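Colleague: This is the structure I have questions about; it appears just below.
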Amino acid sequence: MDWSDNQELQAIFREEVAERSRSLIEGGRSLAGGQLDDAAMNDLARDGHTIKGNALVMGFPTLAEAGKLLESTWKELREGQREPSGQLGELLARVASHLLPTVDIEGRDEPRELLAALAAIRQFMSGDDDPPPDDPGSGPVGRPATTSSTGEESFAPPDPGGASAVLHPPTQVHHRRSGADTADGGDPVDLGGLLAAIEGRVIGDATRVESSKLFELINRFVEVKLDMESLAQGLRELRTAVAAGPDEVAALAATWEGSVARLEQSLDELQTQALDLATVPLREVTDTFPQLANYLGRRTGKELRFELIGDDVEVDRQIVEALREPLRHLLVNAIDHGIETPRERVDAGKPSTATVSIRASVTDHRLVVTVEDDGRGVDWDRVREVAEEGSEGTSPLSGDELGRTLFGSGFSTIAERNDLSGDGVGLASASEVAADMNGGLRLETSPGGGTTVTLTLPASLAMQDVLLVRSDGHRWGIPEVAVLATFPVAAAEIHPGANRMELWYEGHTLPLSSFASAVGLPETEEPNDIVVLSTRLGTVALTVPKVEGRRQVAVKGLGPVLAGSPHLAGAALLGGGEVVVVVDPDQLADRVRSVPRPVKQRPKVLVVDDSQGVRQLVGAALSGQGFDVVVASGAPEALDELVRSDFDALVVDYQMPGPDGVELVEEVRAGSRSLPVIMVSAVATAEDQDRAWKAGVDAYLDKFDLRKGALVDTLRNLLQMRGVTFEERPA
């Protein structure tokens, strides 16, 4: 949705910039004269923030860069982090004086004067005495973004055609070499590139933090280090106490309990302080919404009261940025699609003025954002009509299928697209951000009663709460934001439905399936617990052998090799090197709601890797894509499995203790030339690969391969070449 060419909105935006820039010019001049107080500086920082947000909405990156610099500089002056001076005041006024002219320039030409003013103030704040260049455009066009003395990365200036150049640092890939370290006394915990790097997703660009918070964090690190040293000393004392007798051991155990309790408390506080450094208020993206709602009301001829409640909640910066576009689209949908004209509302017995609200809250590490209107509600008959017009099927669409269609990209009930609506990205963008963040999305609507869209997301991407369940001998994680309830099977009311088992829950029947079936595992254990999930397509229930409680973990996304398994959201390391595979609730719901198919013979694949975590990750990815998986921890165990059973394919790691993967392949090839063999390894030297090819592998995949779903696709291709068929699972 690009409104940069909308003349009416441009006029409103220009008026806003004119008003704010006048205030900023006066503020800079007052600072030069030494006449500003803290309250005035706070207002000026707010002016810069508003210009930054509005410019981002309207597509003016250089203007947004200037607003960002003005905001951060006035904040630093207010908080005493930067010394005021007459020269700084003059430079701030100079930047502000070029804001309004930039509105008329940017997008058609390079705003050279504003760029020169920004270069001058950055140079001054960096302490560089050399004069800045007079013409910022004389250097290379599209130069990389620079970093100001505030520690924030500035926007790259636009190219002459008006498109902003986005430059990314080169990706650093580290390959695991032979002889990599393993956890003492257990399986290796190195996952060899099967997970995405969490740093790139969680940390992102440089973030300015308050120095006081940083020093609090450092102090807490010191305290934790001392507690660890105390425990280390306790271990040494334990050896002596064991020799002395049980009374000494009991006394030492009591001391340890106190030390461990203090350490746990310190770690909790340390985690909280660290996460606080990466949080920002939601209003960073909602500040411009009142102006946007006012414009939309005028544009569509509708009377409305807009409410913005709870946007002062602080959550992960990346969550806030990810919500910027979805919330804007949902607001447009509510006003343009949802609420009626004043005449229509009066005819329906409603007040002529509609109410549209955005509410936000954080509870138990969950961010809940609702966009609500009291308008006409979703016209499901119209949704069905448009959906079936574009459908190749002849049978009527079910309620679930209509829900999928409504959330699908590009779907709209608007007959003629305009510059506000009709592109079908509103609900789709909200659905996508919920899926990307392991969250949930719920739509509630009633004819004439309005519509409410609720986004439930983790408050932090760095640390997320998951519900741990056990199935097929492994722990699995379900994002806690999607979990509505857990209770024993014995306390549930379950009965057979038309196509599947159903659960009676809070006055409604829910589709019920086993967790094992949903993720493609064999059902070898009796169910003992039920988990109820809220998903974008409604509520579903899963039976599991055991619910083990909730844990807070750092979830990493799957790397490209395994990313073709949509039912998996990622993985996380637990204490002691154990891996928990985290599932996608929406994908599980799709599978639960699908009518069960007749069981078909699934290809049987043997996965060989010395890392327990890799075995679990690869096994989970393949099981959910139509394969029966057996795992082995090394070559001897793999050879035993090959003697006991027939397999359709072999997936083997290159590097293993004892006989390595190549030696295993050589042994296999001595007895069978037809079994498809895929080698998956982080070892990617030409010599290693040549050795693998000579041994007889059919495919060699680097764990850092950039092809999405490379493992599943390669397996399918190799099996289809040999005439093997298998059950296709829904994507």
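The values are calculated or read from the model by the stated rules, or taken from the named source; none is laboratory data. Everything numeric in this text was worked out from a predicted model, so none of it was measured. Cβ coordinates were reconstructed from backbone atoms using ideal geometry, including for glycine residues, and neighbour counts include every protein chain displayed.
Colleague: Return yes when S672 is modelled with pLDDT of 85 or more, of a type in the set (G, A, S) and in the same structural domain as Q612 (by TED's automatic domain parsing) and no when it is not.
Modeller: No; evaluated as a whole, the condition is false for this residue.
Colleague: Continuing with the same structure: Answer yes if at least one residue in the stretch 554-569 is touching a residue at least 40 places away in the same chain (Cβ under 8 Å) and farther than 27 Å from S431 by Cβ, and no otherwise.
Modeller: no
Colleague: Now, a different point. Given (1) assigned to a helix (DSSP H, G or I); (2) within 18 Å of the chain's Cα centre (by Cα), where does S565 come up short, assuming only one miss?
Modeller: With respect to (1) assigned to a helix (DSSP H, G or I); (2) within 18 Å of the chain's Cα centre (by Cα), S565 is out only on (1).
Colleague: Tally time: how many residues in the stretch 73-83 are surrounded by 16 or more Cβ atoms within 10 Å (Cβ to Cβ), touching a helix residue (DSSP H, G or I) at 6+ places or on another chain (Cβ under 8 Å) and touching a residue at least 40 places away in the same chain (Cβ under 8 Å)?
Modeller: 5
Colleague: Check G59 against each of (1) buried (at least 20 other Cβ atoms within 10 Å of the Cβ); (2) at positive phi and name the one condition it does not meet.
Modeller: Result: G59 fails condition (1) only.
Colleague: Wholly within the stretch 435-493, which strands (runs of 3 or more DSSP E) include no fewer than the required count, namely at least 1 residues that are out of contact with any His (no Cβ under 8 Å at 6 or more places or on another chain) and among the polar types (S, T, N, Q)?
Modeller: It comes to 440-446, 450-458, 464-471, 483-488.
Colleague: Here's another thing I want to ask about it. Would you check if T50 is of a type in the set (S, T, Y), closer than 15 Å to F124 by Cα, in a helix (DSSP H, G or I) and assigned by TED's automatic domain parsing to the domain that holds L100?
Modeller: Judged against the criteria, T50 is not a match.
Colleague: Determine, yes or no, whether A322 is surrounded by 14 or more Cβ atoms within 10 Å (Cβ to Cβ), farther than 17 Å from G440 by Cα, in the same structural domain as T405 (by TED's automatic domain parsing) and of a type outside the set (D, E, K, R).
Modeller: No: the conditions fail for A322.
Colleague: Working only within the stretch 504-544, note down all residues that are in a loop (DSSP other than H, G, I, E, B) and buried (at least 21 other Cβ atoms within 10 Å of the Cβ).
Modeller: Selection gives G520, L521, R536, L537.
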